[in-house]
1. State which residue pairs qualify: first residue within 16 Å of the ligand (Cβ to nearest atom) and inside the range 463-481, second residue among the acidic types (D, E) in any location, beta carbons under 6 Å apart, and separation of 6 or more residues or different chains.
2. Restricting attention to the range 210-234, which residues are among the small types (G, A, S) and within 24 Å of L467 (Cβ to Cβ)?
3. Among the residues of the range 246-281, count how many are in contact with a helix residue (DSSP H, G or I) (Cβ under 8 Å, 6 or more places away or on another chain) and among the polar types (S, T, N, Q).
4. Consider the range 1-56. How many of its residues are under 19 Å from R368 (Cα atoms) and touching a Phe, Trp or Tyr at 6+ places or on another chain (Cβ under 7 Å)?
5. Tell me, yes or no, whether the range 21-37 has at least one residue that is basic (K, R), under 22 Å from G91 (Cβ atoms) and over 25 Å from the mean Cα position of the chain (by Cα).
6. Only helices (runs of 4 or more DSSP H) wholly contained in the range 284-399 count here; list those with 1 or more residues that are among the polar types (S, T, N, Q) and more than 16 Å from the ligand (Cβ to nearest atom).
7. Which residue is surrounded by the most Cβ atoms within 10 Å (Cβ to Cβ), if the candidates are limited to the range 260-278 and must be part of a helix (DSSP H, G or I) and out of contact with any strand residue (DSSP E or B) (no Cβ under 8 Å at 6 or more places or on another chain)?
8. Suppose we filter the range 294-324 for residues that are more than 20 Å from N445 (Cβ to Cβ) and of a type in the set (K, R); how many remain?
Amino acid sequence: MTVVAEVARARNFVNGRWVEPAGQRRVERRNPADRDDLLGVVPLSTRQETQAAIQAAAAAFPAWRATPAPARGRVIARVAQIMTERQAELGRLLTREEGKTLNESNGEILRSINVLEFMAGEARRLGGETLPSELPRNFAYTLKQPLGVVACITPWNFPVAIPVWKIAPALVAGNTVVFKPATITSFTGMKIVEMFEEAGVPPGVLNLVVGSGAEVGDELVENPAVKAVSFTGSNEIGTALYAQGARRLKKVQCEMGGKNPLVVLEDADLALAVESTLQGAFGSTGQRCTATSRAIVVASVADEFVSRLARRAAELKVGDGAQPGTHVGPAVDESQFQTVLRYLEIGKQEGARLVCGGAPLRGGGFDRGFFIPPTIFDYVQPSMRIAQEEIFGPVLSIIRVQSFEEALEVANGVTYGLSSSIYTQNVARLFEFVDRIETGITHVNSPTTGGEAQMPFGGMKATGVGLREQGRVAMDFFTELKVVYVDYTGARRESNIY
Ligand code: NAP
């Protein structure tokens, strides 16, 4: 007898129960490194199912709000413990669904555990300020209070870390959550929620709804019971979502795209700059919001920089992220693959000089997945589309400049403002750069990528609107500030302070 393995189906988690979405529409999710490997199907939830999740979250809010913050923090600490125990299992799923290498998956999970541990601790520091009053025998202070139901809408590229860095502070602050993962990483989203369930999150406090942005996401933004929306994703969706939320007077934070520059000055440690560029541009297949997509190099060292970089790029092994030794995994899906291929053609048509890569890998196992080799374009002009638009693939533009001033001008000459980096030994230049670069995060002599759990994260300009994520400031988004004046004089106030 042949045993046919049952196809996995994504489910919602509503009011503490796993339920299969009733919607008729569904999408298949396949391993981007091997299209023959079917992870399962994702039935797309309906607007009504989303409403049920919002209602469950609203009903759970009073009790969760009343739970002492340190007790809420203990639940988050347990999630950190469970994620640590299940790191290998979660890492394999993340690689199979998103495509990044196992090493990168483990790095993402480690970052998530750090965030969980940090946020668990924040539960014991969820305080406001006490300030001296102008008046005698008066006491003035502030309180941070939860908002109610909040929605967390997340992209596919960091399907563990981004949900965690939204859900953990939201719950610690006393909110209840409806979480909508990117449809193509629904199974990873489910696995995270299972960990919160196992850690003892009460029914209704964290709910998961899988389904399309157009239906589930739209309901989360429109529904009056949702008080705040924390979104990470593309500029196209985020910009519309921000306007939609504003019309409903919701608190909204949007973290969106990037076009991150790495500046190499003539006194840079070139070996270090090359390694960091390699890591920033091609790590995670370039599918990182903080990926290095422009290397802005002073002309006197550019030839040397480009030739060393091309040599190192040729050594990177492209393939299935689950295989040991792979450095660069596939594009996440057909659509992202086609987007990157379009940009490769745009770069060629715009007249940039192709140094390496430039076409998809074909033959053998490559035909089963979405593989693009590390691609470097040289002599890119700052106005070209490949220098201005987010590609989100393993594609790097080298822009040659004459001076530090020109490097800064080019670095700032895009609409985005997420991350940046400079390589120099000159202290005056590096402080000048830190002062004038228009990005929310900047690195000195280290890659544009990476961040620590206790540090804020987010971008300027078109990259980010709303308050920053992570670190202590994350709580500012997930709480309302209440100002309290206590007069213990027992007498009528004579003051004329208004
Ligand atoms: P996306 O297409 O904008 O999707 C993001 C999320 O929004 C998904 O869950 C999506 O659902 C949902 N969505 C789509 N339409 C919606 C609507 N009308 N209303 C509400 N939600 C909607 O972005 P992506 O392709 O997943 O992610 C890649 C982008 O994220 C890149 O631009 C990258 O730079 C950015 N990113 C930014 C940061 C940062 O911190 N700045 C971090 C990581 C990624 P579906 O999956 O169902 O479409």
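The values are calculated or read from the model by the stated rules, or taken from the named source; none is laboratory data. All figures in this text were calculated on a predicted structure; none of them were measured in a lab. Backbone-built Cβ (ideal geometry, glycine too); neighbour counts: all protein chains shown.
1. G464/E255; L467/D476
2. Within the range 210-234, G213, G217, A225, A228, S230, G233, S234 meet the criteria.
3. Of the residues in the range 246-281, 3 are in contact with a helix residue (DSSP H, G or I) (Cβ under 8 Å, 6 or more places away or on another chain) and among the polar types (S, T, N, Q).
4. The number of residues fulfilling the criteria is 4.
5. Within the range 21-37, the first condition is being basic (K, R), and the residues that meet it are 25-26, 29-30, 35.
Add one more test, that the residue is under 22 Å from G91 (Cβ atoms), and what stays is 29-30, 35.
If we keep only those that are over 25 Å from the mean Cα position of the chain (by Cα) as well, we get 35.
For the range 21-37, residues basic (K, R), under 22 Å from G91 (Cβ atoms) and over 25 Å from the mean Cα position of the chain (by Cα): present.
6. 299-314, 334-350
7. Ranking the qualifying residues of the range 260-278, first place goes to V274.
8. Going through the range 294-324 one residue at a time, the tally reaches 2.
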